[in-house]
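J.: My questions all concern the structure below.
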Amino acid sequence: MTLVQGLDYAAVFIFGLTGALAASRAQLDIVGFIFLACLTAVGGGTLRDVLLNRDQVFWIADAGMILSASIAAVIVFFTAHFLESRLRTLEWLDALALAVAVPAGVGVAMALDQNWPIVLIMGVATGTFGGLMRDVVCNEVPLILKKGELYASAALAGAVAAVMTAAVTDTTLIILLICGVTTFALRIGSMLFGWCLPVYKSHPPRQ
Amino acid sequence: MTLVQGLDYAAVFIFGLTGALAASRAQLDIVGFIFLACLTAVGGGTLRDVLLNRDQVFWIADAGMILSASIAAVIVFFTAHFLESRLRTLEWLDALALAVAVPAGVGVAMALDQNWPIVLIMGVATGTFGGLMRDVVCNEVPLILKKGELYASAALAGAVAAVMTAAVTDTTLIILLICGVTTFALRIGSMLFGWCLPVYKSHPPRQ
Amino acid sequence: MTLVQGLDYAAVFIFGLTGALAASRAQLDIVGFIFLACLTAVGGGTLRDVLLNRDQVFWIADAGMILSASIAAVIVFFTAHFLESRLRTLEWLDALALAVAVPAGVGVAMALDQNWPIVLIMGVATGTFGGLMRDVVCNEVPLILKKGELYASAALAGAVAAVMTAAVTDTTLIILLICGVTTFALRIGSMLFGWCLPVYKSHPPRQ
């Protein structure tokens, strides 16, 4: 198993947990949990693979991926009631999944020798689209549109860090580690300490 | 015309009717009816074909598909006001379309010799994504997230029945028939008699 | 640069402006602006390229596209507060982008020698899906579903005009010009003078 495959596995499992938590908030049955878990888990990586025209989407090439997301769904189905706040847990796991999925996207694009703008986009898209689909399907305001939080910014910063690191070293492990740590630190810092970029403000009220 | 093409045609037409009924609820004009009908009709099969990397998406290979969805839209535009409840009709037709589209997805995946987890996913995805896109675009809670109804579960059960039948016979007709009947029986049973799987319930209120 | 590439550039830039305006209404930060601008800008063309199975999605083949959408986002971030009504500006720019993106879709499909129903669909899909994704992600009722306005109809009429013009001339410039002008005239006429097609009306209230 390559490093990027390992990241794909981790992202699938953790995003699967968040999808299942969303399903618990919608009070679905076990198959609904598995459905939302799989959609969230493979959404970002599927977009990446379709856009890059890879021979096979990653979870068709390796059936263990879907199994992994389904196990995440079953675990949540039987344990979510132990959680104090499912929404808060969902947000923390989503941050972790983001920090794993961004390097997975970056890694695949780099392995295909894409130029750096495409590497950035694949990092951000792989990181964000699973969660975006989860939120859109559940008819909730996507986390990525939450006012005054770093989300797309954290993903982009992680991808930029990877591209910059790649200029000084060839070691994939270091590149992707710095990518993931940057993403996670910014996202978590935003959730804990309110770190943010200036947001757009208009003087007249929204119309 | 092969059996699977026939199923694709039927799914396109019936899903087209449901998309047009959704358009009638949004009071669109005739082109809006055709737009929503086509989106709903080909959504699931398009996802299947893109994921499986088929040479051509099924409705590009055969322009009759779009014609078929458009005819469904025109029929609904001129007759929907005869219906007692358009929402109730939409749900019944959606159940029928699901029971036709799941075998269409299963049949294509089996013909490409995919392993069984992929066959299950293609069945469920082909069956559910057209309706899901219809509901998301219309900003309604997707049918698939409706509490206490079999929907994803009915689709999955149909696909599982197909895979199990394929272990004892090679006849595509029998495999896909059992798949469709299982899906339809469970979905309709759920609508009529309230059949359902236990849903997730938390003791503290949703937060 | 071919004519169709030029149209893709223009569509990307103008749709990028509309995506950024939507971001301003959601009060995002600069990276959120770039994210929504890019999503809106390349959404339609990406769908077209994936459906037509082109070797490379247009913005992966040419990194200038993403740069162009990002510049649009930055411009809006720093100037949107000068606008009297951002919603009204968004709708006008969206009309312009539609009138550029429909010919871009038609042009690509014609260059690939697709038959006319596919040409129509690619025109409508390229024109409408970027804006549709913008509205769905922002959890707003899509412009395309707005009651009593020509939107899908304007796009379809433009594509039909292109197909009919192609029957009498081979000059791509003329074909695509007529396509864009038709789309723009109908959409703007609808916004300014209330032009519309009869909409579906049921006698009993919506249920």
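J.: Can you give the translational diffusion coefficient of region C:143-207 in µm²/s, computed by Stokes-Einstein from the Kirkwood radius over Cα pairs at 10 °C and 1.306 mPa s?
T.: Diffusion coefficient, whole number: 121 µm²/s.
J.: About the Cα centre, and with charges only on the beta carbon of Lys, Arg (+1) and Asp, Glu (-1), how big is the dipole of region C:1-110? Nearest 20 debye, please.
T.: Using only the charged Cβ atoms, the result is roughly 140 debye.
J.: Add +1 for every Lys or Arg and -1 for every Asp or Glu among the other residues with Cβ under 14 Å from the Cβ of A:Val12, and state the total.
T.: Numbers: positive: A:Arg48, A:Arg134; negative: A:Asp8, A:Asp49, A:Asp62, A:Asp94.
Combined, the nearby Lys, Arg, Asp and Glu give -2.
J.: When every alpha-carbon pair in the protein assembly as shown is counted, what percent end up more than 50 Å apart?
T.: 5
J.: Same structure again: Taking a point 7 Å out from Cα toward Cβ as the label site, list the nm distances between A:Thr169 and the same residue in every other copy, smallest first.
T.: Between copies, matching label points for A:Thr169 lie 6.1, 6.1 nm apart.
J.: What does the charge dipole of the protein assembly as shown about its Cα centre add up to, to the nearest 20 debye, if the Cβ of each Lys and Arg holds +1 and the Cβ of each Asp and Glu holds -1?
T.: 1700
J.: Could you give the size of the charge dipole of region B:3-193 about its Cα centre, using +1 on the Cβ of each K and R and -1 on the Cβ of each D and E, expressed in debye and rounded to the nearest 20?
T.: On the way: 9 positive and 13 negative charges, 77 e Å.
Dipole magnitude for region B:3-193 comes out near 380 debye.
J.: Now for a different question. Compute the relative contact order of region B:131-181 as a whole-number percentage, counting only Cα pairs closer than 8 Å that sit 6 or more residues apart in sequence.
T.: 26
J.: Just to confirm the filter: which chymotrypsin sites (Phe, Trp or Tyr not before Pro) across region B:120-199 are DSSP coil and have at most 10 other Cβ within 10 angstrom of their Cβ?
T.: Answer by residue number: there is no such site.
J.: So what does A:Lys147 come to for accessible area, using a 1.4 Å probe and Å² rounded to 10?
T.: Surface accessible to solvent at A:Lys147 totals approximately 120 Å².
J.: Hey, another quick one. If you take the charge dipole of the protein assembly as shown about its Cα centre, with +1 on Lys and Arg Cβ and -1 on Asp and Glu Cβ, which of B:Cys196, C:Val160, A:Ile174 is farthest toward its positive end?
T.: Value: B:Cys196.
J.: May I ask you to report, in nm to one decimal and beginning with the shortest, the distances from A:Val181 to the same position in the other copies, taking label points 7 Å along Cα-to-Cβ?
T.: 6.1, 6.2
J.: To one decimal in nm, how far is B:Gln56 from the same spot in the other copies, if labels go 7 Å from Cα toward Cβ? Please give the shortest first.
T.: Here the equivalent label points are 2.6, 2.6 nm apart from this one.
J.: If we count every other residue with Cβ under 15 angstrom of A:Tyr151's Cβ, Lys/Arg +1 and Asp/Glu -1, where does the sum land?
T.: -2
J.: Checking understanding here: applying a Kyte-Doolittle mean of at least 1.0 and a length along the axis of at least 27 Å (C-alpha), which whole DSSP H helices in chain A pass?
T.: Membrane-span-like by this rule: A:3-25, A:30-51, A:86-111, A:116-137, A:172-193.
J.: Set Lys and Arg Cβ to +1 and Asp and Glu Cβ to -1, take the dipole of the protein assembly as shown about its Cα centre, and tell me which of B:Leu98, C:Leu47, B:Ile121 lies farthest positive.
T.: The listed residue farthest towards the positive side: B:Leu98.
J.: For region C:1-122, what does the convex hull of the Cα positions come to per residue, in cubic angstrom?
T.: 97
J.: Between A:Ala63, A:Ala22, A:Ala101, find the one with the highest GNM mean-square fluctuation for chain A; connect C-alpha pairs within less than 10 Å.
T.: Residue with maximal mean-square fluctuation among A:Ala63, A:Ala22, A:Ala101: A:Ala63.
J.: Note down the Stokes-Einstein diffusion coefficient of region C:60-207 in µm²/s, whole number, using a Kirkwood radius over alpha carbon pairs, 37 °C, and 0.692 mPa s.
T.: Working: Rh = 16.7 Å.
Translational D for this selection: 197 µm²/s.
The values are calculated or read from the model by the stated rules, or taken from the named source; none is laboratory data. All values reported here derive from a predicted model rather than from experimental measurement. Cβ coordinates were reconstructed from backbone atoms using ideal geometry, including for glycine residues, and neighbour counts include every protein chain displayed. Each accessible area value is taken on the protein alone, full model and side chains, heavy atoms only, with ligands, DNA and RNA left out. Shrake-Rupley method; radii C 1.70, N 1.55, O 1.52, S 1.80 Å.
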